[in-house]
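Step one of this worksheet: look at the structure below.
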Amino acid sequence: MSRRALRRLRGEQRGQEPLGPGALQFDLRDDDDAEEEGPKRELGGRRPGEAGKEGVRVNNRFELINIEELEDDPVVNGERYGSSLTDAAAPGNKGRAPRGHTETKVDGGVARTAPPEQVGGRVSNASGKLRKKKKKQKTKKSGTGEALENGLEDIDRILERIEDSSGLNRPGPAPLSSRKHVLYVEHRHLNPDTELKRYFGARAVLGEQRPRQRQRVYPKCTWLTTPKSTWPRYSKPGLSMRLLESKKGLSLFAFEHSEEYQQAQHKFLVAVESMEPNNIVVLLQTSPYHVDSLLQLSDACRFQEDQEMARDLVERALYSMECAFHPLFSLTSGACRLDYRRPENRSFYLALYKQMSFLEKRGCPRTALEYCKLILSLEPDEDPLCMLLLIDHLALRARNYEYLIRLFQEWEAHRNLSQLPNFAFSVPLAYFLLSQQTDLPEHEQSSAREKASLLIQQALTMFPGVLLPLLDYCSVRPDATVSTHHFFGPNAEISQPPALSQLVSLYLGRSHFLWKEPATMSWLEENVHRVLQAVDTGDPAVEACEHRRKVLYQRAPRNIHRHVILSEIKEAVAALPPDVTTQSVMGFDPLPPADTIYSYVRPERLSPISHGNTIALFFRSLLPNYTMEGERPEEGVAGGLNRNQGLNRLMLAVRDMMANFHLNDVEAPHEDDAEGEGEWD
């Protein structure tokens, strides 16, 4: 008979057999306590000097399951209520056979025999001890955290003492060295939603965007744009960025094109030369994140008054370029440079400029100002897009007068900003508008007003040809003493150099509405009369300014012409010199620099002019897709017509032309007309 059957006959359960002295025993104690107690245990499991503390020894391993449940029950007088071990009348214990007595060893021998209830009480006491030990561990951890916090507080106190001893923590405005760089870009101001929330509230701005964000599948977080669910799934188009060099705290970066991206770029150039926007659409179907194609198609949509699609394409181009950023490239530091002479970098400049223009038209001048600072920080010395002609306008529109004044103060010494008409008139206007703020102290208001009057008088003396066109833009009729005076009269506008006339037209076409306020006009009138008094008295500054106008404004540099083309201000574009207007200006690369640095060269195309076939040229003028035998049709042109299809279309066109072509007989002069051969009266 097996042992299992024998146990069944005796009414015993497995695990309740009397155990010998070497039976398995479980000691419920924490390992941490065991490590902290250095002395070894004595024979029999007792530790020296621990008469009242015993580990819980369990003969049946299944009793350990209920010990974990005891921790959740309240402890009263060392016992737990609701314990399954101490409650003999629990419903789950009715079907169990009565357990035998449990033996507890003391000093290697059996001390006493206790019923299960007592064992349950001991287990309750042991679990209570466990809970106390866990509380001790928690207090140790919290004590460690408090010590760490106290250490950090001590570090902060040490730093404060160092600052106090060095004198950096003095009251008043922060010193110039501790302020952020003048071209520092803030990430939060690159998002137009931040500005729109300030105007209309977060509920109105983000109400429609919240459900879309849940379905967003773009894992990369970007600062310049927010990816949309309607865009094609992003895959690397072959655009990357590398670090060229780092010196004097500045890092020079450059975008790079892979071989696949270079092939797409060649197809794009062919599509642009075809003068057909549908060819660019076909290219974007295969390369949805080709930057130049997106920018060129954006211009086509803008010309067709589809502003929403144009803006969406520019944002997609920015997203493609931002995903290619180098890990060390920073938008906000103002220490990262991109050389405009490299064609791969120009796309980023133009994408930022177009996005800035859209933001300004959308009514977000503060965000547009941040984009303007970003473009200027990429190459502040050369300023390829001449953002200094625009940054003052955006600062005034955003009512960020302090920033404009600070930029003028820091850059006037080495950039001569006062020689630009836009800065010469915008900075005193910023001082005047700052003096109109009621939250400023009285002495600061008067100081700003005096500074504004001094600067506007200098501007009127240096650029007298600005006054009458400005009043004309503002629909203000000037005083007779002003309009008839030789200094501000029509002769002042006619006699100024063409380069200066172009700068004046650009400024007035863009910022004239900022002067329409009545308070501003009265302040301007007051200072105009003061300038006339200085002219009549023979102030030597008037003659010095006239000499500077003739010397400084001989010819505008190429970056100013590029800025005028991008601005699309009619008055300024009309003032461009003939050598610029006669050039072919491409929207994706307006007026490229003469010293361009090419990283790869476009392969030579087979030109139809080289054949010298007049008939072929005539057929090409009728059908651009017509190809002669031996020529390869260009890749990337929409339609994909082969040679036979081109010939068939050509034959049909010639047939239609011949069918509609009739020769009419010349009618003979009537004999009745006696005056046919007479003389002209």
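Please list, in order along the range 524-534, the HN-Hα scalar couplings obtained from phi with the Karplus expression 6.51 cos²θ - 1.76 cosθ + 1.60 (θ = phi - 60°), rounded to whole Hz, x for Gly and Pro.
My calculation for the range 524-534 gives 5, 5, 4, 6, 5, 5, 5, 5, 5, 5, 5 Hz in order.
Rolling a 1.4 Å sphere over the protein heavy atoms, what is the accessible area per residue of the range 431-571, to the nearest Å²?
That works out to 53 Å² per residue.
When a/c is below 1.5 the answer is rounded, else prolate if a/b is larger than b/c, else oblate, so apply that to the range 381-508 with a ≥ b ≥ c taken from the square roots of the Cα gyration tensor eigenvalues. Display every interim value, and only then the final one.
Details: a/c = 1.99, a/b = 1.23, b/c = 1.62.
In terms of gyration-tensor shape, oblate.
Can you pull the one-decimal nm distance between simple spin-label points at residue 328 and residue 437, each 7 Å off the Cα toward Cβ?
Result: 3.9 nm between the two label points.
Ranking request for peptides 348-359, 406-417, 435-446: highest mean number of other beta-carbon atoms within 10 Å first, then the rest in descending order.
Details: 348-359: 22.6, 406-417: 14.9, 435-446: 11.4.
Averaged packing, sorted descending, gives the order 348-359, 406-417, 435-446.
Using a 1.4 Å probe, what is the accessible area per residue for the range 332-391, in Å²?
Per residue, the range 332-391 has 21 Å² of solvent-accessible surface.
Quick check: residue separation of residue 411 and residue 382 times 0.36 nm, minus the Cα distance between them. What number comes out in nm?
Contour length minus Cα-Cα distance gives 9.0 nm.
Using mean Cβ contacts within 10 Å as the protection proxy, how do 482-491, 422-431 order, highest first?
The peptides rank, most packed first, as 422-431, 482-491.
What is the spread of the Cα atoms of the range 481-612 along each of their three principal axes, largest first, in whole Å?
Principal-axis extents of the Cα atoms in the range 481-612, largest first: 72, 33, 31 Å.
For a Förster distance of 25 Å, can you work out the FRET efficiency between the beta-carbons of residue 278 and residue 229, rounded to the nearest 0.05?
Efficiency, rounded to the nearest 0.05: 0.45.
Considering only protein heavy atoms and a 1.4 Å probe, what is the carbon-and-sulfur percentage of the accessible area of the range 481-578?
Values: 2900 of 5120 Å².
Summing carbon and sulfur atoms, their accessible area is 57 percent of the total for the range 481-578.
What are the semi-axes of the equivalent ellipsoid of the range 474-530, taken as the square roots of 5 times the eigenvalues of the Cα gyration tensor, listed largest first and rounded to whole Å?
Values for the range 474-530, descending: 20, 17, 9 Å.
Taking the simple approach of a point 7 Å from Cα along Cα-to-Cβ for both residue 5 and residue 512, what is their distance in nm?
11.6 nm
Over 10 Å intervals from 0, what percent of Cα-Cα pairs in the range 415-574 sits in each interval?
10, 39, 36, 14, 1
Give, rounded to the nearest 20 debye, the magnitude of the charge dipole that the range 376-421 has about its Cα centre when Lys and Arg contribute +1 at Cβ and Asp and Glu contribute -1 at Cβ.
Using Cβ point charges on Lys, Arg, Asp and Glu, the range 376-421 gives about 300 debye.
Give, as a single signed number, the net charge of other residues whose beta carbon lies under 14 Å from the beta carbon of residue 444, with Lys and Arg counted +1 and Asp and Glu -1.
-2
List the residues, sorted by chain then number, that are 5 or more residues from residue 254 or on another chain and whose placed amide H is less than 5 Å from its amide H.
242, 244
For the range 539-593, just say rounded, prolate or oblate: build the C-alpha gyration tensor, square-root its eigenvalues into a ≥ b ≥ c, call rounded for a/c under 1.5, and beyond that prolate if a/b exceeds b/c, oblate if not.
prolate
So if R0 is 60 Å, what FRET efficiency would residue 259 and residue 486 give, r being the distance between their Cβ atoms, rounded to the nearest 0.05?
0.35
As an exercise, use a Förster radius of 35 Å and the Cβ-Cβ distance of residue 541 and residue 568 to find the FRET efficiency, rounded to the nearest 0.05.
Details: r = 36 Å, r/R0 = 1.04.
The formula returns an efficiency of 0.45 here.
So, counting K/R as plus one and D/E as minus one, what does the shell of residues with Cβ under 13 Å around residue 195 add up to?
+3
The values are calculated or read from the model by the stated rules, or taken from the named source; none is laboratory data. Keep in mind that this is a model prediction, so the values were computed, not measured. Please note: Cβ atoms are built from the backbone with ideal geometry, for glycine as well, and neighbour counts cover all protein chains shown. These accessible areas exclude ligands, DNA and RNA; they are computed on the full protein's heavy atoms, side chains included. Shrake-Rupley method; radii C 1.70, N 1.55, O 1.52, S 1.80 Å.
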